[in-house]
Amino acid sequence: FFCLFIFALSASAAPIYEYQTQEELYNGITHTSYKRFYSDYELAFDVVRVDLNKSFLKLDLLKSTQGTDILDNVKNLAATQNTIVAANADFFSVHKGNKGFSLGPEIKNGTLLQSPINTKEMAAGFVEDNTLMLSYMTFTRKVVAPNGNSLEIRHTNKHTTYYGSLLLYTSDFNGGMSPAPGGSV
């Protein structure tokens, strides 16, 4: 009886060489760029550390002022505010041109701008007490009739194919018009 075990050591092996550069972008914000070389691949990544105990720094959602369904690139959005560091932190679905939505939830100043497209598969990042946390978010919203009957609201401010489900659109979406399969109504 012969048994052979093969282990993939390179996945957990130490790098052959590591190079890093660090710079302070602003008081309380440090950017470190890493390059790690392994025997059969290299890895490059960046880390930004933000001291949220400094009262003049905060994490915030960059979003188009033209509506929750308008997509723009990070560079353009960062230029509209006093932004020091900006990162794309979600996946997006494009509906038409620059119309679309983020797949994750969007909450700004305590207001839900967009519900998550799927709460079971995507974690969300949020700040509470100056601490960044990542977790799965449960989204439940419903409409209750005077007789007590209720219906779940499937999504808020999302272009979707869930027609037949109850969807909620706010005035921030599509110029105040809800989408319909044949056009805006």
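Things to note:
- Residues that are touching a residue at least 60 places away in the same chain (Cβ under 8 Å) and within 22 Å of the chain's Cα centre (by Cα) within segment 33-57 comprise just one, L52.
- Residue that is modelled with the highest pLDDT [pool: residues in segment 16-66 that are small (G, A, S), open to solvent by less than 60 Å² (accessible area, probe 1.4 Å) and not in a strand (DSSP E or B)]: G28
- Filter pass, N109 being out of contact with any strand residue (DSSP E or B) (no Cβ under 6 Å at 6 or more places or on another chain), loosely packed, with under 12 Cβ neighbours inside 10 Å and closer than 23 Å to I153 by Cβ: yes
- Residue check, I6 open to solvent by 100 Å² or more (accessible area, probe 1.4 Å), at pLDDT below 90 and farther than 30 Å from P179 by Cα: yes
- Taking first residues from segment 152-166 that are on the phi > 0 side of the Ramachandran plot and partners that are open to solvent by less than 20 Å² (accessible area, probe 1.4 Å) and modelled with pLDDT of 80 or more, the Cβ contacts under 8 Å between residues at least 6 apart in sequence or on separate chains come to N157/T68; N157/D69; N157/F101; N157/Q114; N157/S115; N157/F173.
- Here A89 meets each of (1) over 30 Å from L25 (Cα atoms); (2) of a type outside the set (V, I, T); (3) under 13 Å from the mean Cα position of the chain (by Cα) with one exception, condition (1).
- Screening segment 124-142 for residues that are open to solvent by less than 60 Å² (accessible area, probe 1.4 Å) and more than 18 Å from V48 (Cα to Cα) and picking the one that is nearest to the chain's Cα centre (by Cα) gives A124.
- Looking at S102, S150, S115, just one residue is touching a strand residue (DSSP E or B) at 6+ places or on another chain (Cβ under 6 Å), open to solvent by 50 Å² or more (accessible area, probe 1.4 Å) and of a type in the set (S, T, Y), and that residue is S150.
- Residues in segment 67-85 that are open to solvent by less than 70 Å² (accessible area, probe 1.4 Å) and part of a loop (DSSP other than H, G, I, E, B): G67, T68, D69, L71, T83, V85.
- A single member of S135, S184, S165 is farther than 19 Å from N118 by Cβ and either at pLDDT 85 or above or not basic (K, R) (or both), and it is S184.
The values are calculated or read from the model by the stated rules, or taken from the named source; none is laboratory data. Keep in mind that this is a model prediction, so the values were computed, not measured. Using ideal geometry, Cβ is built from the backbone for each residue, glycine included, and neighbour counts are taken over all protein chains shown. Keep in mind that these areas ignore ligands, DNA and RNA; they rest on the heavy atoms of the full protein, side chains included. Shrake-Rupley method; radii C 1.70, N 1.55, O 1.52, S 1.80 Å.
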